[in-house]
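> Here's a structure for you.
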Amino acid sequence: QTLDAYVGVIKGRIGAMARTHERLSGSKWAGVDIATLVNDEVAAYRRGDNCTLSGPDLILEPDVAQALAFTLHEL
């Protein structure tokens, strides 16, 4: 609706991709743990115990990790 809002959206998207790339770089592009990726993306919205994550350990391949990070960010 405004230029500032647009810039905020773009910065958020770039941040989501940057966090994922940082994690992938740290693993030498071997993949990212799904829990780490989800935690990174929900961190800004977590307040106390308002968010619970559970599930099996799973390493996402780089292309899947990037797509999921972007999708979670957009939600």
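> I'm checking my understanding of the structure. Among residues of the range 49-67 that are at pLDDT below 90 and touching a helix residue (DSSP H, G or I) at 6+ places or on another chain (Cβ under 8 Å), which one is surrounded by the most Cβ atoms within 10 Å (Cβ to Cβ)?
CYS51
> Pairs please, first residue from the range 40-69 and closer than 18 Å to ARG23 by Cβ, second anywhere and open to solvent by 100 Å² or more (accessible area, probe 1.4 Å), Cβ atoms under 7 Å, 6+ apart in sequence or on different chains.
Final answer for the pair search is PRO62/TRP29.
> Quick one: count up the residues across the range 2-48 that are of a type in the set (Gly, Ala, Ser), assigned to a loop (DSSP other than H, G, I, E, B) and modelled with pLDDT under 90.
Within the range 2-48, residues that are of a type in the set (Gly, Ala, Ser), assigned to a loop (DSSP other than H, G, I, E, B) and modelled with pLDDT under 90 number 1.
The values are calculated or read from the model by the stated rules, or taken from the named source; none is laboratory data. Worth saying up front: this structure is predicted, and the values here are computed from it rather than measured. No Cβ is skipped: glycine too gets one built from the backbone with ideal geometry, and neighbour counts run over all protein chains shown. To get the accessible areas, we keep the full protein, side chains included, count just its heavy atoms, and leave off ligands, DNA and RNA. Shrake-Rupley method; radii C 1.70, N 1.55, O 1.52, S 1.80 Å.
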